[in-house]
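What follows is a short report on a single structure.
The values are calculated or read from the model by the stated rules, or taken from the named source; none is laboratory data. Just so we're clear, the structure is a prediction, and the values are computed from it rather than from any experiment. Glycine also receives a Cβ, built like all others from the backbone with ideal geometry; neighbour counts cover every protein chain displayed.
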Amino acid sequence: MKSNLPNRNTNAPANKKQSRSAAFIIAVILSTITMGCGPTEQTSVPPGLAYEKVSDFLHTILENDRTVYTKNVVNRLVKQEKVIAASEHWGDEKALPLPAQMFRMGAEMTAEKTSEFSYSLQSLWPINKANAAGQTDVEKDGLKFVVDNKGKAPYYGEETLGDKKYFVGVYADVAVAPVCVDCHNGHKDSPKTDFSLGDVMGGVVIRIPME
């Protein structure tokens, strides 16, 4: 479905609109981070945090978890120590899930638990066609922007799907380990086979309902 609102990138003025749902998400994030860390002062969440800020916070967590799994689990065990394989058929082959599959499973579990936000991994050159880019104009523009700018800046936009308005943040997904490059360059279904370490391979799309 096409967006009926103008797209924005990071060179545009910051979004001044705020939401109660945004404040709620940050409250959950902050409470989770401080939980179990001993006595702390109660965190006061300012009402009406900007959508950009909420999206950036969420992406930081998603990016860090994805990087840790890719580098410290998949790349170490598959590429360096060679003790186990990683496979898209990991269940049948007793292998590790690919980083993109791990990310997708987390996104699906999140969607089952909340409608306050959603996220997905998309690419202009997907191995799995389910990760193909551009279900909406904002997604297409955002993915092109982060690729053209080599992941230096995220892309922010707004769109209306059905009768609901959404804030959309698109962030570069970068090849952080050799195993990423080897997998995409060597896969028979990969439309692009000349990736290098540090290249933008796709994008993380975060969508937040605007109240």
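The table that follows gives values for the structure above.
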{"read-out": "Verdict on Phe167 being part of a strand (DSSP E or B), touching a residue at least 60 places away in the same chain (Cβ under 8 Å) and hydrophobic (A, V, I, L, M, F, W, C)", "value": "yes"}
{"read-out": "Scope segment 184-198; condition free of Cβ contacts under 8 Å to residues at least 60 places away in the same chain, in a loop (DSSP other than H, G, I, E, B) and surrounded by fewer than 18 Cβ atoms within 10 Å (Cβ to Cβ); matching residues", "value": "Lys188, Thr193, Asp194, Ser196, Leu197, Gly198"}
{"read-out": "Among the candidates Val176, Val170, residue that is under 12 Å from the mean Cα position of the chain (by Cα) and at negative phi", "value": "Val170"}
{"read-out": "Qualifying residue in segment 131-146 (condition: assigned to a strand (DSSP E or B) and free of Cβ contacts under 8 Å to residues at least 40 places away in the same chain)", "value": "yes"}
{"read-out": "Lys144, sole failed condition from (1) of a type in the set (Lys, Arg); (2) surrounded by 19 or more Cβ atoms within 10 Å (Cβ to Cβ); (3) more than 18 Å from His184 (Cα to Cα)", "value": "(2)"}
{"read-out": "Hey, Gly169 of a type outside the set (Val, Ile, Thr) and touching a Pro at 6+ places or on another chain (Cβ under 6 Å) or not", "value": "yes"}
{"read-out": "Per-region count, segment 122-134, residues within 23 Å of Glu158 (Cβ to Cβ) and either more than 15 Å from the chain's Cα centre (by Cα) or at pLDDT 95 or above (or both)", "value": "0"}
{"read-out": "Test for Val181: is it more than 25 Å from Leu77 (Cα to Cα), in contact (Cβ under 8 Å) with a residue 12 or more places away in the chain and in contact with a strand residue (DSSP E or B) (Cβ under 9 Å, 6 or more places away or on another chain)", "value": "no"}
{"read-out": "Subset of segment 89-130 (residues that are without any contact (Cβ under 8 Å) to a residue 40 or more places away in the chain, in a loop (DSSP other than H, G, I, E, B) and under 25 Å from Cys183 (Cα atoms))", "value": "His89, Lys94, Ala95, Pro97"}
{"read-out": "Pick from segment 147-183, criterion more than 23 Å from Asp65 (Cα to Cα) and of a type in the set (Gly, Ala, Ser), ranking: surrounded by the most Cβ atoms within 10 Å (Cβ to Cβ)", "value": "Gly157"}
{"read-out": "Unmet requirement for Phe117, which otherwise passes all of (1) at pLDDT below 95; (2) buried (at least 16 other Cβ atoms within 10 Å of the Cβ)", "value": "(1)"}
{"read-out": "Of residues in segment 47-88 being among the acidic types (Asp, Glu) and in a helix (DSSP H, G or I), the one farthest from Ala175 (Cα to Cα)", "value": "Glu52"}
